[in-house]
Structure formats: structure tokens, C-alpha cells
1. Assess whether THR23 counts as being surrounded by fewer than 18 Cβ atoms within 10 Å (Cβ to Cβ), polar (S, T, N, Q), touching a residue at least 40 places away in the same chain (Cβ under 8 Å) and in contact with a Pro (Cβ under 9 Å, 6 or more places away or on another chain).
2. What number of residues within the stretch 126-150 are more than 24 Å from ARG97 (Cβ to Cβ), of a type in the set (S, T, N, Q) and touching a residue at least 12 places away in the same chain (Cβ under 8 Å)?
3. Find the residue count for the stretch 103-156, including only residues that are hydroxyl-bearing (Ser, Thr, Tyr) and farther than 22 Å from ALA9 by Cα.
4. What single numbered condition from (1) out of contact with any Pro (no Cβ under 6 Å at 6 or more places or on another chain); (2) surrounded by fewer than 22 Cβ atoms within 10 Å (Cβ to Cβ); (3) among the aliphatic types (A, V, I, L, M) fails to hold for VAL64?
5. Scanning the stretch 32-52 for residues that are of a type in the set (Asp, Glu) and outside any loop (DSSP other than H, G, I, E, B), which turns out surrounded by the most Cβ atoms within 10 Å (Cβ to Cβ)?
6. Could you figure out which of (1) touching a Ser or Thr at 6+ places or on another chain (Cβ under 6 Å); (2) modelled with pLDDT under 95 isn't true of ASP53?
7. I'd like the residue in the stretch 123-132 that is exposed (fewer than 14 other Cβ atoms within 10 Å of the Cβ) and closer than 26 Å to GLU36 by Cα and, out of all such residues, is modelled with the highest pLDDT.
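The values are calculated or read from the model by the stated rules, or taken from the named source; none is laboratory data. The shown structure was predicted, so the numbers you read here are calculated from the model rather than taken from an experiment. Heads up, the Cβs are rebuilt from the backbone with ideal geometry, glycines too, and the neighbour counts pull from every protein chain shown.
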Amino acid sequence: MEFRLLSKAFQNGGFIPDLYSNTRLGKNISPPLHWENPPRETRSFAILVEDLDAPLIGVITHWVLYNIPPEKRELPEGVPEGKFLPDGTVQGRNFFRRNAYMGPEPPFGTHRYRFRIFALDTRVSLDPKMTRRRLLKEMDQHILAQAQLVGLYGRR
């Protein structure tokens, strides 16, 4: 069976509801996520949310989560801001220098937001200043599987 990342809030390739945006229409809360069929050897999960269409910058990181416990299969809607969650999950720093989810807020047009989950054979060092780039480097050689969910969001 295939490792998959899903959301009750939107379909892969579909539009992310306004509720999860950082616009005047939204509440800037994280959407509910769940995943299926991780490898048996998984010791932790990591999640990155990235805007793939940021002009001039390239990729903008909206969320960095790691050391998600291996028995966990979902994140509820509205994960609170903070460096450490009660279950040991760590929120690293996003592009906006916050340890939190930051919802879509494209300056113009419709952007693609990629939610990626990684099943890892280890836990990552505890550092709430962890960035996307550092996390990818630390995960190198430890990724057992990955899955993604892409949502679209455009200004109205």
C-alpha cells in the first residue's frame, strides 16, 4: 500500500478553503491532516508546507514540523503556535520566523501550496530554530518514504 497524505478540508489539486488562509477571509489555522500506510520502520514524521510559486524568492516555507511520534496518524485542525507540542512534536521556524503554521496569502494570482510528509528512520535533533533547509539536510539519508498533498489558493 502507498504512503499517503490527506485532508478532510481539501482534495489534492483542489482549493484550500479560506478558513486556513492568512487573508482577511481566513483565520490562519492549520487544516486537518491525516496519513496512511507509513513504513513499519518509521521512528518519526516530519511535515513541511511550502508555497511553490513565490515570485523572485522561489519557495516560501509556511510550516516546519518534526519529531511527530511514529504512532500518530493525524494532526487536528488548528495546531497551536509554539515550539514544542505536548506529544513531543517540534515546530521549527517558517519563512516568517515563527514557530507556527502560516496560511496562504499570495500577493496575486493562484499559488500552489505543497504539504509534504516524511517518514523517517530516526528522530531529528531538538532545535526550535530549525528551518526547512536545515531539516532537509538532517533528514538526508533517513527518509523511508514521503507523500504530498497540493492545495491551491488565490486572492479574491
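1. Answer is yes for this residue.
2. So the count comes out to 2.
3. Of the stretch 103-156, the ones hydroxyl-bearing (Ser, Thr, Tyr) are 110, 113, 122, 125, 131, 153.
If we keep only those that are farther than 22 Å from ALA9 by Cα as well, we get 122, 125, 131.
The qualifying residues number 3.
4. (2)
5. Restricting attention to the stretch 32-52, the residues satisfying the condition of being of a type in the set (Asp, Glu) are 36, 41, 50-51.
Then keep just the ones that are outside any loop (DSSP other than H, G, I, E, B); that gives 36, 50-51.
On the way: GLU36: 13, GLU50: 23, ASP51: 21.
In this case the residue turns out to be GLU50.
6. So the condition that ASP53 fails would be (1).
7. Once the filter is applied, the top-ranked residue is SER125.
Results for (1) closer than 25 Å to GLU138 by Cβ; (2) buried (at least 16 other Cβ atoms within 10 Å of the Cβ), shown as yes or no for each residue.
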site: SER30; (1), (2): yes, yes
site: ALA54; (1), (2): yes, no
site: PRO86; (1), (2): yes, no
site: GLU105; (1), (2): no, yes
site: HIS111; (1), (2): no, yes
